[in-house]
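The values are calculated or read from the model by the stated rules, or taken from the named source; none is laboratory data. Not measured: the values here are computed from a predicted model. Because the Cβ atoms are built from the backbone with ideal geometry, glycine has one as well, and the counts that use them run over all protein chains shown.
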Amino acid sequence: MTVTIEYETEKKLDIPCREIIEAVVEESLDYVDCPYDAEVNILLTDNEGIHVINLEQRGVDAPTDVLSFPMCDFVTPGRFDVLEETPEEYFNPDTGELMLGDIVISVDKVLEQAEKYGHTEVRELAFLVAHSMLHLSGYDHMEDEERLQMEAMQREILERRGYRR
């Protein structure tokens, strides 16, 4: 597993970001039964930085808490076996790892939402990573049924690592 983390903001979280991110990425991959070593890129930025990305990539003129940019095209969420049909698209030729995608997280939103929802910054960062990892694994929350499924999966991933409200 390769997790690349870039920190592009002067606002700092006074928590062990790398440790939390790597633990949640690993737990998320285990949870969805990903049979491959994977690589994920994570950018920690501020509201201004994520606002620019959100506008450029999604046409949304506002900051958000997290953005997910999957590299894999899943027909069915969490069905990794179909990716082997075109390995040149999905696997890093140098490492053999599955290139899952990129996650962008606003540090400002981690701080704001931890306070708003009454839990720790650790739990908020872990939640945003779990949420995005499910997106990178093909899950979405456009329909109520999908949203409920993702919420349950996120809770279980966080519980398995001890990240509670």
### Message
When you scan segment 4-13, do you find a residue that is of a type in the set (D, E, K, R), farther than 19 Å from Q154 by Cα, in a strand (DSSP E or B) and without any contact (Cβ under 8 Å) to a residue 60 or more places away in the chain, even just one?
### Response
yes
### Query
List pairs: first in segment 140-165 and within 17 Å of V129 (Cβ to Cβ), second polar (S, T, N, Q), Cβ under 7 Å, 6+ apart or cross-chain?
I157/S28
### Inter-residue pairs, beta-carbon under 8 Å, first free of Cβ contacts under 8 Å to residues at least 24 places away in the same chain and over 18 Å from D30 (Cβ atoms) and in segment 57-84, second among the aromatic types (F, W, Y) and assigned to a strand (DSSP E or B), 6+ apart
Q57/F69
### Task
Among the candidates D46, D65, D30, D73, single out the residue that is over 22 Å from R164 (Cβ atoms), at pLDDT 95 or above and of a type in the set (D, E, K, R).
D46
## Note on the structure
Being in contact (Cβ under 8 Å) with a residue 12 or more places away in the chain and among the charged types (D, E, K, R) narrows E39, E19 down to just E39
